[in-house]
Structures are given as C-alpha cells and as structure tokens.
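Working notes, beginning with the structure itself.
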Amino acid sequence: MLNQIIHADCMDIFPSVKDQGVDLIVTDIPYGAVTKNGSDRAKYDGQLRKVDKGDADLVTFDLIEFLEQCARVTSGSIYIFCGIEQVSTVFQFFDNHKDFMVRQCAWKKTNPAPSNGQHMWLSSMENCIFAKRRKTKFNQLCKSAVWDYPTGRSKIHPTEKPLELIKYLVQSSTDEGDTVFDPCVGSGTTAVAAKVLGRNYIAIEINAEYATAAINRIEQLELSLF
C-alpha cells in the first residue's frame, strides 16, 4: 500500500491502516453541495453561471465515520479541505476530540476566476480545517492560517489544489521519510507533493479516471527524477 495510488473506496481501505499508522493526512473531500447548487441556480434566471463538478463533488461516505477513521490512523496532523456546509461538522468533531487541537484555515486564491463577477464578489477562498495531535511536530512559527496561492490553469481534476500549496502543508507538518495519506487523492497532487519532498505516501481514489490520471502523474514524475 505504501507509495501506491489505490483505486478503491477509502472507507474499504481505512481498516487496513493501523492506529496512528500515518504521520499526516492531507485531503480534499467532496463538497457535495457544489453540483447541487449549480443545478438549483435556474431560479436566478441565468444571472449565475452553472457550477457542476460532476463526480468530483459526489459524497460517497458518512462524514463522521470518515473523520473517526482519519483521527484513528493519524499520529500527527490532518488538513481537510471542505465545503462551507461541512466546515462546522469537521471543526466540531476535532474540537470535541480530547487528543486534537483544531484551527479553521483558508486557501486564498490570488487569481480567482472571474465567474459571475458582474453580479457578486468573486469566489476567492476555500476552507480547510487543520487538526493536530497535541505535542506533535509543526515546522512553522507564527504563520497565518490563510494561505495565498494561485489556482492552476491546466487542471486534470475540476477541484484540483495547487501543488505548491500542498507542498507547503506537507513541509509544515512532516519531515523527510514520514508518511502522508490522502484518502481522496483525485488526480494525485498530494502523492506528487510527498514524492517530490522525500516523503512516503498512501493515496486512494474512488474514481477510475482520476486514479489513472494520478498514476500517470507519478510515473511521469519518476521518469523526470531519474
């Protein structure tokens, strides 16, 4: 399982990961509401462009069960990018967990898409909940919980996060040789970040198309490294 892209449902793989068996989780879970809201926007009579991420935002697991597994398998920190409707649930889960500290963070997009800008403020941030086991490593000092990074323009996955942002998070919460786990890896950005930074990774993706894309990205990276 180590240093592999696994095409599977993460909830089927979690039981194979031992308690506190990974050092860090970085993941971007399906937001669920994005596609639904896109289809509902007909009530605005065409004022807003429809947003439809397809399967990329399809939630396939119970969120609390997912969070319980994340807490169980992680010995260090957890970063979970999530939709606005999920923020409170994720935050409260870790805030109520005696072993974790928690902080609401945000990715600030320095080049937000101009979609619907004639009608409202641009969508220029995404939420991320950071949870950390007490007295575990954190390689930053007095840094902001708002991270400024541009969006990519040649994305493989519709909700792909910028590689430099994910590298920053991996560096902030792990050392070389540690293991980074992404149970919803999409097109493989977390795995690429771990590989480039000398970390091990475990990466799971339920969608066959994105899993294949992630495998291809890792193969191309290995060719470029060697």
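The values are calculated or read from the model by the stated rules, or taken from the named source; none is laboratory data. Please read these numbers as outputs of a predicted model, since none were measured by experiment. For neighbour counting, all protein chains shown are included, and Cβ atoms are generated from backbone atoms with ideal geometry for every residue, glycine included.
Out of Lys195, Lys161, I need the residue that is in a loop (DSSP other than H, G, I, E, B), touching a residue at least 12 places away in the same chain (Cβ under 8 Å), of a type outside the set (A, V, I, L, M, F, W, C) and buried (at least 16 other Cβ atoms within 10 Å of the Cβ). Which one? From the options Lys195, Lys161, the qualifying one is Lys161.
Please tell me if Tyr168 is in a helix (DSSP H, G or I), free of Cβ contacts under 8 Å to residues at least 24 places away in the same chain and either under 25 Å from Pro15 (Cβ atoms) or under 14 Å from the mean Cα position of the chain (by Cα) (or both). Criteria met by Tyr168.
Answer yes or no as to whether Thr151 is farther than 21 Å from Val87 by Cβ, surrounded by 12 or more Cβ atoms within 10 Å (Cβ to Cβ) and hydroxyl-bearing (Ser, Thr, Tyr). First the steps, then the outcome.
Details: farther than 21 Å from Val87 by Cβ: no; surrounded by 12 or more Cβ atoms within 10 Å (Cβ to Cβ): yes; hydroxyl-bearing (Ser, Thr, Tyr): yes.
No; evaluated as a whole, the condition is false for this residue.
Select from the range 135-158 the residues that are farther than 21 Å from Val196 by Cβ, among the β-branched types (Val, Ile, Thr) and assigned to a loop (DSSP other than H, G, I, E, B) and list them in ascending order. Answer for the range 135-158, where residues must be farther than 21 Å from Val196 by Cβ, among the β-branched types (Val, Ile, Thr) and assigned to a loop (DSSP other than H, G, I, E, B): just Thr136. Determine if the range 31-53 includes at least one residue that is surrounded by 15 or more Cβ atoms within 10 Å (Cβ to Cβ) and either over 30 Å from Pro150 (Cβ atoms) or modelled with pLDDT of 95 or more (or both). Scanning the range 31-53, I find no residue that is surrounded by 15 or more Cβ atoms within 10 Å (Cβ to Cβ) and either over 30 Å from Pro150 (Cβ atoms) or modelled with pLDDT of 95 or more (or both), so the answer is no. Looking across the range 5-29, the residues that are touching a strand residue (DSSP E or B) at 6+ places or on another chain (Cβ under 7 Å), closer than 22 Å to Val87 by Cα and not hydroxyl-bearing (Ser, Thr, Tyr) come down to Cys10, Leu24, Ile25, Val26, Asp28, Ile29.
Restricting the range 198-226 to residues that are of a type outside the set (D, E, K, R), touching a residue at least 60 places away in the same chain (Cβ under 8 Å) and outside any helix (DSSP H, G or I), the residue that is nearest to Gly177 (Cα to Cα) is Asn200.
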